[in-house]
Amino acid sequence: MKGYHGRFLEVDLTNRTTQDLPLSEEFCKQYIGGATMAAALIYDRITPDMDPLSPENPLVMATGPFTGTPIPMCSRYAVAGISPLTGFWGEATSGGVFPFRLKGSGWDRIIVTGKADSPVFLLIKDGQAQIRDASSLWGKDSYDTQQTIKDELGDDKVSVACIGPAGERLIRYSCVMNDKGRAAGRCGMGALMGSKNLKAVAASGSKRPDFADAGKVPELAKQAVKDINGNLVSVAFREYGTLMYMDMGMTLGDTPSRYFTKSVFPVSGVTGQALREKYSVSNYACRGCPIGCGRQLKDFKPGLDVDGPEYETAVAFGPLCLNIDFDSIIEANHLCNVQGIDTISAGVTIAYAIYLYEQGALSKDRVGFELKWGDGKAILKLLQMIVNQEGIGELLSNGTLAMARELGRDEGEAAQVKGLEMPMHEGRAFHGLAVSYATGPRGACHLKGDYYNIDLGNMVLEYMILPSDRLSSEGKGEPAAKFQSFKDLFDALTLCKFAPLQVPQLCEMLNALTGWEFSPEDLLAAGDRSVNIKRAISNKLGVTREHDTLPEICLKPLDEGSTAGIRPDLEMMLKEYYEYRGWDWETGKPTKEKLTELGLEKVAKDLYQ
């Protein structure tokens with residue numbers, strides 16, 4: 001087999017055993033890699049009543065066929081399992097150096113089950129695996145953990161993915177950190193690791209699969225780098241990071257403010273330009289990336305260098321809380337990275353707490369202090385209480401849906417889909433995004449079909465995904481479904497969502513690596529298969545059509561900005577989406593015929609037995 005090692009590692013932490021298992025070429029061809037192959041490996045291991053924090057819930061870390069190759073922007077890996085936050089399918093991805101090291105260790109993916117009787121970390125290097133004691137690491141933050149393991153192993157080339165104290169405390173939206181501040185942020189995969197007493201995975205090695213066409217791969221990679229460097233968006237990312245979108249987002253009504261009830265705010269203080277003007281900023285790039293959209297801030301405090309906030313984080317702790325104090329936003333980001341917490345879910349839950357305080361649903365006695373919009377110190381205090389599981393922080397650590405239920409509030413007030421907090425892009429501003437949020441494989445996700453890119457002028461001609469009126473719902477369901485499938489593939493290959501590569505290029509790259517003959521139609525079918533197997537997992541865990549919706553607080557027309565008076569017609573788009581997908585309108589399940597068409601006969605049998 002070309003492009004793959006053809007093997008994966010199964011780790012049983014209860015018995016402290018490891019097993020080397022084969023991956024067939026047919027299996028790889030069907031599920032590609034990354035989060036999609038993780039779903040295929042997990043599918044048979046779940047039961048409808050499974051507790052996400054039980055030892056039986058499998059944790060998968062997976063790379064794809066692009067990882068570890070000369071292809072640019074492919075140092076990504078996926079972490080997947082049943083989400084401790086939502087109870088449904090969960091996945092998160094991250095970049096950095098760790099994905100290259102994970103692939104270089106000699107396996108395409110690892111699957112971890114069981115629970116160790118004391119803290120451990122997994123060391124994988126050049127085809128060898130060891131389960132090692134991590135008692136001395138328990139309680140350390142994510143940065144200290146990474147450095148301590150490197151020092152202990154005496155290996156500068158080792159890269160570490162780990163949890164911080166938040167994951168140890170099983171905070172529902174804790175995440176997995178690697179390469180300092182890189183985060184596999186969403187769905188609570190840190191809590192899943194913590195539930196297994198797995199503190200970290202340390203990976204090293206130089207094993208690389210052979211390529212089917214060893215001469216063509218470097219040529220394709222060289223052309224891809226040229227295309228990336230010539231892309232204007234790449235230039236903007238390099239200069240200002242993802243924060244380059246902040247002022248444009250507000251202009252378009254795409255950047256939420258005041259807990260999704262406003263869209264206009266003093267934007268000039270929290271842009272990428274403002275970050276560069278106020279702080280000493282340098283770029284950070286994942287392995288093999290010619291852009292370098294990551295930010296590093298030197299001497300943020302005397303002797304302290306920190307990772308700069310990306311767009312999602314800056315909005316979540318900034319405009320969403322009506323906070324324009326950059327210092328507090330950066331400090332909140334650093335605290336989340338150190339402790340290992342998803343910045344999106346944390347920011348949204350804190351904004352919800354301020355909203356509830358204003359509504360009178362939370363009192364000063366319950367919180368312990370006054371909450372008001374724009375108070376950076378209060379945001380940091382709430383964040384620390386979440387980490388420490390103190391007072392009101394314990395409630396906030398369970399997410400907005402749990403907060404609404406605990407406080408007897410209307411669930412339409414909780415900014416989430418299927419339990420996963422809303423990202424920092426607006427379905428009211430881009431209606432194709434609204435239906436993508438409502439149906440996303442892991443819940444509300446701006447990366448599984450970032451439809452704002454389409455209606456801002458990009459297109460995927462091979463699938464007739466074309467720009468149209470961003471404030472219209474008509475005709476958006478089918479292209480949104482196709483684009484969702486296409487972008488789901490990026491987490492299978494694995495490839496950064498910012499890579500401006502075209503469908504024919506991806507086919508050429510995959511075929512040169514593997515020797516297959518994937519066409520654009522085959523590629524889209526693989527994306528459809530990916531979305532459907534993840535959907536089937538969530539169906540087994542209780543997802544129905546009723547879950548495919550947006551909360552009212554994110555649908556209600558605003559009274560300001562460029563989306564004033566606008567409400568997406570979600571039902572219209574959902575019907576078109578369902579028709580393309582071949583999903584049953586009554587149950588929300590993929591039909592038996594659609595699953596069979598995609599080669600998912602076993603899944604069809606399970607759902608329709």
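No lab work stands behind these numbers, since they all come straight from the coordinates. Everything numeric here is computed off the predicted structure, so don't read it as measured data. Glycine also receives a Cβ, built like all others from the backbone with ideal geometry; neighbour counts cover every protein chain displayed.
Reachable lysines from Lys605, Cα under 21 Å, same-chain residues fewer than 8 places away excluded?
Lys534, Lys540, Lys589, Lys592, Lys594
Just going by the charge dipole of the chain, with Lys and Arg at +1 and Asp and Glu at -1 on Cβ, which of Ala203, Val306, Tyr31 is farthest out on the positive end?
With unit charges placed on the Cβ atoms, the residue in question is Ala203.
Mind ranking 178-185, 371-378 by how tightly packed they are, going by the mean number of other C-beta atoms within 10 angstrom, highest first?
178-185, 371-378
With an 8 Å Cα cut-off and a minimum separation of 6 or more residues, compute the relative contact order for the stretch 7-204 in percent.
About 23 percent, as a whole number.
Suppose each label sits 7 Å from its Cα in the direction of the beta carbon; what would the Asp20-Asp155 distance come out to in nanometres?
1.5
In the stretch 240-408, how many lysine pairs have Cα atoms under 16 Å apart, counting only pairs 8 or more places apart or on different chains?
7
Classify the stretch 1-50 from the C-alpha gyration tensor, please: rounded if a/c falls under 1.5, else prolate or oblate depending on whether a/b exceeds b/c.
It comes out oblate by the Cα gyration axes.
So, with +1 on the Cβ of K and R and -1 on the Cβ of D and E, and no other charges, what is the size of the charge dipole of the chain about its Cα centre, to the nearest 20 debye? Each step should come with its number before you reach the end.
Values: 66 positive and 79 negative charges, 195 e Å.
For the chain, the charge dipole is close to 940 debye.
Using each residue's phi in the stretch 106-123, evaluate 6.51 cos²θ - 1.76 cosθ + 1.60 at θ = phi - 60° and report the 3J(HN,Hα) Karplus result to the nearest Hz, with x for Gly and Pro.
With the stated coefficients, the stretch 106-123 comes to x, 10, 7, 6, 10, 10, 10, 10, x, 8, 6, 7, 7, x, 9, 10, 9, 10 Hz.
Relative to the Cα centre, what is the charge dipole magnitude of the stretch 240-408, using +1 at the beta carbon of each Lys and Arg, -1 at the beta carbon of each Asp and Glu, and rounding to the nearest 20 debye?
That gives the stretch 240-408 a dipole magnitude of about 100 debye.
Mind listing the phi-derived Karplus ³J(HN,Hα) values for the stretch 228-234, rounded to whole Hz, using 6.51, -1.76 and 1.60 with θ = phi - 60°, and x for any glycine or proline?
5, 5, x, 7, 5, 5, 4
Sorted by mean Cβ packing within 10 Å, highest first, what order do the peptides 197-203, 299-305, 396-402 take?
For the peptides 197-203, 299-305, 396-402, the packing ranking is 197-203, 396-402, 299-305.
Ranked highest first by average number of other Cβ atoms within 10 Å, how do 572-579, 187-194, 98-105, 245-252 line up?
Top of the packing list down: 187-194, 98-105, 245-252, 572-579.
Can you bin the stretch 428-607 into rounded, prolate or oblate? Criterion: square roots of the alpha carbon gyration tensor eigenvalues sorted a ≥ b ≥ c, rounded for a/c under 1.5, prolate for a/b above b/c, oblate for the rest.
Oblate, because a/c is 1.5 or more while a/b does not exceed b/c.
At 0.36 nm per residue, minus the direct Cα-Cα distance, what do Asn229 and Ser136 gain on full extension? Give it in nm, one decimal, please.
Taking 0.36 nm per residue and subtracting the Cα distance, the gain is 29.0 nm.
Quote the charge dipole size of the stretch 419-548 about the Cα centre in Debye, to the nearest 20; the model charges only the Cβ of Lys and Arg (+1) and of Asp and Glu (-1).
For the stretch 419-548, the charge dipole is close to 420 debye.
Quickly work out the Asn388-to-Lys216 label distance, labels modelled 7 Å from Cα along the C-beta direction, and quote it in nm with one decimal.
Here the modelled spin labels are 6.0 nm apart.
So between Ser54 and Arg409, what do we pick up on full extension, going 0.36 nm a residue minus the alpha carbon distance?
Separation in residues times 0.36 nm, less the Cα-Cα distance, equals 124.9 nm.
Pop the C-beta distance of Ala564 and Gln505 into the FRET formula with R0 = 51 Å and round what comes out to the nearest 0.05.
0.80
What is the distance, in nm, between label points placed 7 Å from the Cα along the Cα-to-Cβ direction at Lys364 and at Asp126?
For the pair Lys364/Asp126, the computed spacing is 6.5 nm.
For a 26 Å ceiling on Cα separation, which of these pairs sit above it: Lys115/Lys448; Lys199/Lys497; Lys418/Lys487; Lys418/Lys556?
Correct reply: Lys115/Lys448; Lys199/Lys497.
Assign one of three labels to the stretch 5-108, namely rounded, prolate or oblate, based on the Cα gyration tensor with a ≥ b ≥ c the square roots of its eigenvalues; rounded applies when a/c is under 1.5, prolate when it is not and a/b is larger than b/c, and oblate otherwise.
prolate
List the lysines whose Cα lies under 18 Å from the Cα of Lys157, skipping any in the same chain that are fewer than 8 positions away.
The qualifying lysines are Lys103, Lys125, Lys180, Lys207.
Taking 8 Å as the Cα distance limit and 6 or more residues as the minimum spacing, I'd like the relative contact order of the chain as a percentage.
Numbers: 1439 pairs, mean separation 95.1, N = 609.
Reported as a whole number, the value is 16 percent.
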